[in-house]
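Undergrad: Encoded as structure tokens, here's the structure I'll be asking about.
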Amino acid sequence: MTEDRNEATGSENVPSRQRKRFPGISSRAYEHPADRSALVALRKLSGFDTVFKALSALLPERSLRLLFLSDSVRVGEAQFAHLHTMLRDACYILDLEKVPAMYVTQDPRPNAMCIGLDEPIIVVTTGLVELLDEEEMRAVVGHEVGHALSGHAVYRTILLFLTSLAVKVAWIPLGNVAIMAIVTALREWFRKSELSADRAGLLVGQDTRASMRGLMKIAGGNHLHEMNVDAFLEQAKEYEEGGDLRDSVLKILNVLPRTHPFTTVRAAELKKWSESRDYQRVMDGHYPRREEDKDTSVTDSFRDSASHYADTVRNSKDPLMKLVGDIAGGAGDLGGKLRDRFTGGGNSGGNGNGNGGASTDGDDDGSDSGSGKGPVKD
């Protein structure tokens, strides 16, 4: 069940406080670089839509829809009207063509998800509805609408199916290993998509502190008077920078089975993006449009993703990431020295090579200055 955009953008759905709207915005405007590069590549694949429509007959999507229809409460004008208004408002802000169906399901654990292959549906738990205030909930609804706009619902549905399948075929030799390898890759992708959706939630709510509070409550419950956003972000910094190589390995092992990044990490990533030039450009109305998606370069998207990861490794305070950066930097220095040795650029003797030697020294200095030892931006 969906509503047309015309119904969702009526005057009665204009936000109660002044917030900006983003007509025709492409999901590329807020997607994490790793998430964006994968999505751009998949959208370029010939027959991609046909394959997933064929898959929809095999996946339990119809069963899930019937389950929520029969055993949850569908959000609308007569049920959970305040959530219905938030949903229509989020679609209005992000200019989503159709308003997805939304359900509230009985579950004390605070959670929300967006699933579906043909048409996405949004599900929120009673635990989440009872935990968050209006502005915090607005960010969550925007988060799920961001998933819908990006097409993440497709991959979430496949992930749920494969996770269930892995349990059923666990008795088959190597069968479970193969499926779990795919599941692990999808989980890593989906963790990045959660960072993308957090950004979409911020674009909808346009209240950074509310987004931070929501994440903090998900981590620590409804005890806001006992918590502090700045202290919560300090935890994220301590998590990123603290410990030794053993802790770095344990961090990786802890996050592997998860579909979501840790809440302190999400809060720190969102704060960093909210203070970035990219966010300010979107708020100023300078963002990629949906009509340009078909012309997006896969190569450029992967280059942006690679650049992001290189910057992450270079600027990270995590011991393992620093080691990786040092090894990469050492390999670069070694390559430069080998190049100079074989080209004569490293000789300080005559025949004009002295100038080459001086130039090489200058390159080494420049390499040191760009090795990530400078100030790290928030």
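Undergrad: Lys20 versus Arg258, label points 7 Å from Cα toward the beta carbon: distance in nm?
TA: 3.1
Undergrad: What do you reckon, how do Lys271, Lys217, Lys20 stack up by accessible area (1.4 Å probe), largest on top?
TA: My answer, sorted largest first, is Lys20, Lys271, Lys217.
Undergrad: Contour minus end-to-end for His82 and Asp293, with contour as 0.36 nm per residue of separation and end-to-end as the Cα-Cα distance?
TA: Gain on extension, His82 to Asp293, equals 72.6 nm.
Undergrad: Something else about it: Leaving ligands, DNA and RNA out of it, rank Trp273, Trp189 by accessible area with a 1.4 Å probe, largest first.
TA: Putting Trp273, Trp189 in descending order of accessible area: Trp189, Trp273.
The values are calculated or read from the model by the stated rules, or taken from the named source; none is laboratory data. Quantities reported herein were computed from a predicted structural model and do not represent experimental measurements. Cβ sites come from the backbone with ideal geometry, for glycine too, and all protein chains shown count toward neighbours. Accessible surface is based on the protein model in full, side chains and every heavy atom, while ligands, DNA and RNA are left aside. Shrake-Rupley method; radii C 1.70, N 1.55, O 1.52, S 1.80 Å.
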